[in-house]
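J.: Here you go, one structure.
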Amino acid sequence: MFRASSEEKNYLRKVIKLIDKFLDETKAKIDQFGLSILSDKRSLWENIYELDPVEIMQAQEQIEGQVMTGDMYVKDHAKYQRMRKSPYFARIDFIDDEDKTVTNVYIGLGALLEKGSLDFYVYDWRAPISSMFYEYELGKAKYEAPSCDITGEIILKRHYKIEDDKIIYYADSGSNISDDILMECLAQTSDQKMHNIVSTIQKEQNSVIRNVTSNVLVIQGAAGSGKTSIALHRAAFLLYKYKGKLTSKEILVISPNKIFSEYISGVLPELDEENILQCEANQIAEDLLPDNYHFETAWEQAEKIIDGNDPKYVARAKYKSSMEFFTDLKHFVDNSIDSCFNPIPFKVGNYEVTKDYLYEKFLKYSKYTPTERANIIFEDIVSLGADEGLVLKKRELRQRINQMFNFKNALTTYEEFFSWAGKEQYFVHGKNRFEYADLFPMAYIEARFNGKKPIVPIKHLIIDEMQDYSPVCFGLINLVYDCNKTILGDIAQSISGIRTSIGDVISCFDGASVIELNKSYRSTYEIIEFSKKIKPELANIESVVRHGEEVTIAKAEDVSSYIRQAIKEADKKYRNIGIVCKNTKQANELYKELKENKVNVCMIDEKKNAKAKITTVQLSKGLEFDYVIVVGAEVDNYRSESDRDLLYVACTRAMHKLDVIYSKELTKIISE
């Protein structure tokens, strides 16, 4: 049985005592503000007819201020409650080269220090001094202080497991994290949400999280390399480093779907940060276009491409997702904008606004859209008139300037593009009904001509699953969000039937820095090695050698019986089972069959807590399960190269156990 030293026990007691003090203080403040807010509200309503509007507004502002302050204490109280269970997870003892003093650096999810003091009981994992725990082994080390680098030596490095304010164990390490502790964390079963990884962040992951030199950072990460988790921890780090300059409402994640958004929603609150904004890429495009325009979904396009029943549809979708298409479209739009202005001279009183003057202004404001240029030229002429002492009819002036611009809607310009390119057959649509592949090109045209910035200014954008976005989609995102970006994904996990290369991604973003993460932490060695055989070109992926059960490939003529028995056997061992089907039709048919046979399952998007969830490959993207059963691994179901990608993604959702089942003949993707 593990016994902690008296030194460590005493230090933990000291930390817990301080946390308890803060818990009492924040609880008292919450109670105080609660009573004060109730009293002020009662007073306002009792005297409202005796107060004038200014006094009412002042009373309301006072109450709102109290609510905001009370919310702050509620947040602090919740933080201390979390910290009390496990105040820190690591310690390094560091000797400063300059003053030769030893600093005991205890590291946790948040900082803990006496108010009015700079003596830290616990350092925030994001603090510069804490970075040494992730970056260095025992020996020489340094960290970045505000004025200069602080150099010295790490003489002790210790990792803790603390639960309910008790030390379960600790381990000293000569590497950045003890392998045994990492293995224990990876071996834990999953639940419904992603969690923080601060205690097991690896050196290569830490360098991505703390990168502040790249305006655009592209992360190409293998399945299970932790890239999404890294991006969220990077957001938490940026909020810490730029506190007061960056808020959670100024960071946006473009995520693949609502299920994934829900899955990642717990990470930042665990790190004592408010959740950042999230949206899907199609929302950005649809917001730019008329409400009566209706587009297919990405999901519908992907299933049509993968089924391959309409070769002309597939050709259209692939062409519009190519770099060639985006290059041609951009060139056409550039020329259209350059020729959209026809300056017509006119007089304001006795002052002549010449053709040359107007055209010079048009060229001067070339970084703006035509709509923005029209507004700026209008303002310039209004200012000019004021300088000349002229009285201008503004409505007439605006109409005159607008008439000089050849404004067209996105649909008309898009049709002209296909005529110009000699590819009229690639644009097929009904009345206000369009294919998904047309969504981003039409929105791009609209943004280039008219522009539209988000209501909430975004200072940092995170784009997940980059492999499923086309170059023209990235072009649109660049127009709407002119800010720093973290872009992540895995080119090997394209499930849309469209392949966007890492070269295409990089070429869409000026000055992009690329980091590759080839080590996978999610799955056991056996699952990773099996998955690599599905895509042999991924031989360079490294696995953390955590062994588990061999992958099961089984013929199951009665799928319901197989799944029922699998759930029963997994009952005590695994908390989260994913049953992965190739597409929506197959998932719905399987769900109906299992429910008829009284098997306890639910669909992935249902608000139910069944242990086993049925999902498609599309919806499983980015998720992970303790145990995955890939259904329908038939020769006629998984047959093409796109199917190979789907099967790879399905298999790499598994953390501890993977079954691949088929009813008739096994797919050659596996049998070969």
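The values are calculated or read from the model by the stated rules, or taken from the named source; none is laboratory data. No experiment lies behind these values; they were computed from the predicted model shown. Backbone-built Cβ (ideal geometry, glycine too); neighbour counts: all protein chains shown. Note: accessible area is taken over every heavy atom of the protein model, side chains too, but ligands, DNA and RNA are not part of it. Shrake-Rupley method; radii C 1.70, N 1.55, O 1.52, S 1.80 Å.
J.: Within the stretch 535-558, can you find the residues that are open to solvent by 10 Å² or more (accessible area, probe 1.4 Å) and either under 25 Å from Ile495 (Cα atoms) or among the hydroxyl-bearing types (Ser, Thr, Tyr) (or both)? Full working, then the answer.
T.: Here is the first cut: in the stretch 535-558, the residues open to solvent by 10 Å² or more (accessible area, probe 1.4 Å) are 536-555, 557-558.
Answer for the stretch 535-558, where residues must be open to solvent by 10 Å² or more (accessible area, probe 1.4 Å) and either under 25 Å from Ile495 (Cα atoms) or among the hydroxyl-bearing types (Ser, Thr, Tyr) (or both): Pro536, Glu537, Leu538, Ala539, Asn540, Ile541, Glu542, Ser543, Val551, Thr552, Ile553, Ala554.
J.: I'm trying to understand the selection: among the residues of the stretch 620-646, which are part of a helix (DSSP H, G or I) and open to solvent by less than 20 Å² (accessible area, probe 1.4 Å)? Working first, answer last.
T.: Step one: filter the stretch 620-646 for residues part of a helix (DSSP H, G or I), giving 620, 641-646.
Of everything in the stretch 620-646, those that are part of a helix (DSSP H, G or I) and open to solvent by less than 20 Å² (accessible area, probe 1.4 Å) turn out to be Ser620, Asp643, Asp645, Leu646.
J.: Still on this structure, please answer the following. On the given criteria, is Leu439 more than 30 Å from Leu358 (Cα to Cα), out of contact with any helix residue (DSSP H, G or I) (no Cβ under 6 Å at 6 or more places or on another chain) and surrounded by 19 or more Cβ atoms within 10 Å (Cβ to Cβ)? Even if it seems obvious, please write down each step before you answer.
T.: Working: more than 30 Å from Leu358 (Cα to Cα): yes; out of contact with any helix residue (DSSP H, G or I) (no Cβ under 6 Å at 6 or more places or on another chain): no; surrounded by 19 or more Cβ atoms within 10 Å (Cβ to Cβ): yes.
Judged against the criteria, Leu439 is not a match.
Here is a yes/no grid of residues against (1) among the polar types (S, T, N, Q); (2) under 21 Å from Arg644 (Cα atoms); (3) open to solvent by less than 20 Å² (accessible area, probe 1.4 Å):
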residue	(1), (2), (3)
Asp291	no, no, no
Pro311	no, yes, no
Met323	no, no, no
Cys340	no, no, yes
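J.: Could I ask something else about it? Within the group Tyr574, Tyr562, which residue is among the hydroxyl-bearing types (Ser, Thr, Tyr) and in a helix (DSSP H, G or I)?
T.: Tyr562
J.: Another question, if that's okay. Please tell me if Glu262 is of a type in the set (Asp, Glu), under 29 Å from Ala231 (Cα atoms), open to solvent by less than 60 Å² (accessible area, probe 1.4 Å) and touching a residue at least 60 places away in the same chain (Cβ under 8 Å). Let's see the steps before the verdict.
T.: On the way: of a type in the set (Asp, Glu): yes; under 29 Å from Ala231 (Cα atoms): yes; open to solvent by less than 60 Å² (accessible area, probe 1.4 Å): no; touching a residue at least 60 places away in the same chain (Cβ under 8 Å): yes.
It is false that Glu262 is of a type in the set (Asp, Glu), under 29 Å from Ala231 (Cα atoms), open to solvent by less than 60 Å² (accessible area, probe 1.4 Å) and touching a residue at least 60 places away in the same chain (Cβ under 8 Å).
J.: Would a scan of the stretch 406-427 turn up a residue that is among the charged types (D, E, K, R), touching a Lys or Arg at 6+ places or on another chain (Cβ under 9 Å) and not in a loop (DSSP other than H, G, I, E, B)? Walk me through it before giving the result.
T.: Applying the first criterion (among the charged types (D, E, K, R)) to the stretch 406-427 yields 408, 415-416, 423-424.
From what is left, the residues that are touching a Lys or Arg at 6+ places or on another chain (Cβ under 9 Å) are 416.
Subsequent filtering for residues that are not in a loop (DSSP other than H, G, I, E, B) retains 416.
Yes: one or more hits.
J.: If you don't mind, another one. Can you tell me which residue within the stretch 233-259, out of those that are of a type in the set (Ser, Thr, Tyr) and either open to solvent by 20 Å² or more (accessible area, probe 1.4 Å) or at pLDDT 90 or above (or both), is nearest to Val198 (Cα to Cα)? Talk me through it step by step, then tell me what you get.
T.: The initial filter retains those residues of the stretch 233-259 that are of a type in the set (Ser, Thr, Tyr), namely 240, 242, 247-248, 255.
From what's left, either open to solvent by 20 Å² or more (accessible area, probe 1.4 Å) or at pLDDT 90 or above (or both): 240, 242, 247-248.
Working: Tyr240: 14, Tyr242: 19, Thr247: 21, Ser248: 19 Å.
Out of the qualifying residues, it is Tyr240.
J.: Which pairs turn up if I take residues in the stretch 51-78 that are without any contact (Cβ under 8 Å) to a residue 40 or more places away in the chain and look for partners that are open to solvent by 90 Å² or more (accessible area, probe 1.4 Å) with beta carbon separation below 7 Å, at least 6 apart in sequence or on another chain?
T.: Here the result reads Ile63/Lys41, each pair linking the stretch 51-78 to a residue that is open to solvent by 90 Å² or more (accessible area, probe 1.4 Å).
J.: Now for a separate question. Could you figure out which of (1) modelled with pLDDT of 90 or more; (2) under 29 Å from Tyr313 (Cα atoms); (3) of a type outside the set (Phe, Trp, Tyr) isn't true of Ala492?
T.: Result: Ala492 fails condition (1) only.
J.: Please enumerate the residues belonging to the stretch 230-248 that are part of a helix (DSSP H, G or I) and closer than 21 Å to Tyr123 by Cβ. I'd like the intermediate steps shown before the answer.
T.: In the first step, residues of the stretch 230-248 are kept if they are part of a helix (DSSP H, G or I); the result is 230-241, 248.
Selection gives Ile230, Leu232, His233, Arg234, Ala235, Ala236, Phe237, Leu238, Leu239, Tyr240, Lys241.
J.: Which residues, taken from the stretch 653-669, are in contact with a strand residue (DSSP E or B) (Cβ under 8 Å, 6 or more places away or on another chain) and surrounded by 20 or more Cβ atoms within 10 Å (Cβ to Cβ)?
T.: Arg653, Ala654, Met655, His656, Lys657, Leu658, Asp659, Val660, Ile661, Tyr662, Thr667
J.: What residue, among those in the stretch 343-370 that are surrounded by 15 or more Cβ atoms within 10 Å (Cβ to Cβ) and of a type in the set (Val, Ile, Thr), is modelled with the lowest pLDDT?
T.: Val348
J.: Count, please, the residues in the stretch 98-112 that happen to be within 21 Å of Ala236 (Cα to Cα) and touching a residue at least 40 places away in the same chain (Cβ under 8 Å).
T.: In the first step, residues of the stretch 98-112 are kept if they are within 21 Å of Ala236 (Cα to Cα); the result is 105-112.
From what is left, the residues that are touching a residue at least 40 places away in the same chain (Cβ under 8 Å) are 106, 109-110, 112.
Qualifying residue count for the region: 4.
J.: Could we say that Arg575 is among the basic types (Lys, Arg), more than 30 Å from Glu250 (Cα to Cα) and either open to solvent by less than 50 Å² (accessible area, probe 1.4 Å) or without any contact (Cβ under 8 Å) to a residue 60 or more places away in the chain (or both) here?
T.: Values: among the basic types (Lys, Arg): yes; more than 30 Å from Glu250 (Cα to Cα): yes; either open to solvent by less than 50 Å² (accessible area, probe 1.4 Å) or without any contact (Cβ under 8 Å) to a residue 60 or more places away in the chain (or both): no.
So Arg575 does not fit the description; no.
J.: Identify all residues within the stretch 214-224 that are under 15 Å from the mean Cα position of the chain (by Cα) and open to solvent by less than 10 Å² (accessible area, probe 1.4 Å); write none if there are none.
T.: The answer is Leu217, Val218, Ile219, Gly221.
J.: Within the set of pairs 6 or more residues apart or between chains, which connect a residue that is under 26 Å from Gln205 (Cβ atoms) and open to solvent by less than 20 Å² (accessible area, probe 1.4 Å) inside the stretch 113-132 to a residue that is among the small types (Gly, Ala, Ser) and in a strand (DSSP E or B) with Cβ atoms less than 6 Å apart?
T.: Cβ pairs passing all conditions: Val122/Gly108; Met132/Ala141.
J.: Now a separate question. Let me confirm something: among Asn432, Asn406, which residue is farther than 11 Å from Lys320 by Cβ, under 34 Å from the mean Cα position of the chain (by Cα) and either surrounded by 15 or more Cβ atoms within 10 Å (Cβ to Cβ) or not hydrophobic (A, V, I, L, M, F, W, C) (or both)?
T.: Working: Asn406 fails: under 34 Å from the mean Cα position of the chain (by Cα).
Sole residue among the options that is farther than 11 Å from Lys320 by Cβ, under 34 Å from the mean Cα position of the chain (by Cα) and either surrounded by 15 or more Cβ atoms within 10 Å (Cβ to Cβ) or not hydrophobic (A, V, I, L, M, F, W, C) (or both): Asn432.
J.: Consider Arg639 against the criteria (1) closer than 17 Å to Tyr562 by Cα; (2) without any contact (Cβ under 8 Å) to a residue 40 or more places away in the chain: it satisfies all of them except one. Which criterion is unmet?
T.: Condition not satisfied by Arg639: (1).
J.: Considering the stretch 17-42 alone, what residues qualify as being exposed (fewer than 13 other Cβ atoms within 10 Å of the Cβ) and polar (S, T, N, Q)?
T.: Within the stretch 17-42, Ser39 is the sole residue that qualifies.
J.: Quick test for you: out of Ala298, Ala315, pick the one residue that is under 27 Å from the mean Cα position of the chain (by Cα) and either more than 26 Å from Lys621 (Cα to Cα) or not charged (D, E, K, R) (or both). It would help to see each step written out before you state the result.
T.: Numbers: Ala315 fails: under 27 Å from the mean Cα position of the chain (by Cα).
Of the residues listed, the single one that is under 27 Å from the mean Cα position of the chain (by Cα) and either more than 26 Å from Lys621 (Cα to Cα) or not charged (D, E, K, R) (or both) is Ala298.
J.: Can you spot a residue in the stretch 274-286 that is open to solvent by less than 40 Å² (accessible area, probe 1.4 Å) and at positive phi?
T.: Checking the stretch 274-286: not a single residue is open to solvent by less than 40 Å² (accessible area, probe 1.4 Å) and at positive phi.
J.: Tally time: how many residues in the stretch 599-608 are open to solvent by 10 Å² or more (accessible area, probe 1.4 Å) and either touching a residue at least 12 places away in the same chain (Cβ under 8 Å) or among the aliphatic types (A, V, I, L, M) (or both)? Lay out the reasoning, then the answer.
T.: So in the stretch 599-608, the residues open to solvent by 10 Å² or more (accessible area, probe 1.4 Å) come out as 600, 603-608.
Next, from what is left, pick out any that are either touching a residue at least 12 places away in the same chain (Cβ under 8 Å) or among the aliphatic types (A, V, I, L, M) (or both): 600, 603-605.
Total meeting the criteria: 4.
J.: Another question, if that's okay. For the stretch 486-507, check the following and say yes or no: at least one residue is touching a helix residue (DSSP H, G or I) at 6+ places or on another chain (Cβ under 9 Å), in contact (Cβ under 8 Å) with a residue 24 or more places away in the chain, farther than 22 Å from Ser642 by Cβ and part of a loop (DSSP other than H, G, I, E, B).
T.: Scanning the stretch 486-507 turns up no residue that is touching a helix residue (DSSP H, G or I) at 6+ places or on another chain (Cβ under 9 Å), in contact (Cβ under 8 Å) with a residue 24 or more places away in the chain, farther than 22 Å from Ser642 by Cβ and part of a loop (DSSP other than H, G, I, E, B).
J.: Here are some residues: Ile669, Ile614. Which one is touching a helix residue (DSSP H, G or I) at 6+ places or on another chain (Cβ under 6 Å) and in a strand (DSSP E or B)? Spell out the reasoning first.
T.: Values: Ile669 fails: in a strand (DSSP E or B).
Among Ile669, Ile614, only Ile614 is touching a helix residue (DSSP H, G or I) at 6+ places or on another chain (Cβ under 6 Å) and in a strand (DSSP E or B).
J.: I'd like to verify a number: residues in the stretch 1-20 that are more than 37 Å from the chain's Cα centre (by Cα) and in a helix (DSSP H, G or I), how many? Please lay out each step first, then the result.
T.: The initial filter retains those residues of the stretch 1-20 that are more than 37 Å from the chain's Cα centre (by Cα), namely 1-11, 13-14, 17.
Subset that is in a helix (DSSP H, G or I): 6-11, 13-14, 17.
Residues that pass the stated criteria total 9.
J.: Just for the stretch 509-534: of the residues that are outside any loop (DSSP other than H, G, I, E, B) and acidic (Asp, Glu), which one is surrounded by the most Cβ atoms within 10 Å (Cβ to Cβ)?
T.: First, the residues of the stretch 509-534 that are outside any loop (DSSP other than H, G, I, E, B): 513-517, 519-520, 525-534.
If we keep only those that are acidic (Asp, Glu) too, we end up with 516, 526, 529.
Numbers: Glu516: 13, Glu526: 19, Glu529: 13.
Only one residue tops the list, namely Glu526.
J.: Look through Lys582, Lys572, Lys598 and report the one residue that is within 25 Å of Met194 (Cα to Cα) and out of contact with any strand residue (DSSP E or B) (no Cβ under 8 Å at 6 or more places or on another chain).
T.: On the way: Lys582 fails: out of contact with any strand residue (DSSP E or B) (no Cβ under 8 Å at 6 or more places or on another chain); Lys598 fails: within 25 Å of Met194 (Cα to Cα).
Within the list Lys582, Lys572, Lys598, the selection yields Lys572.
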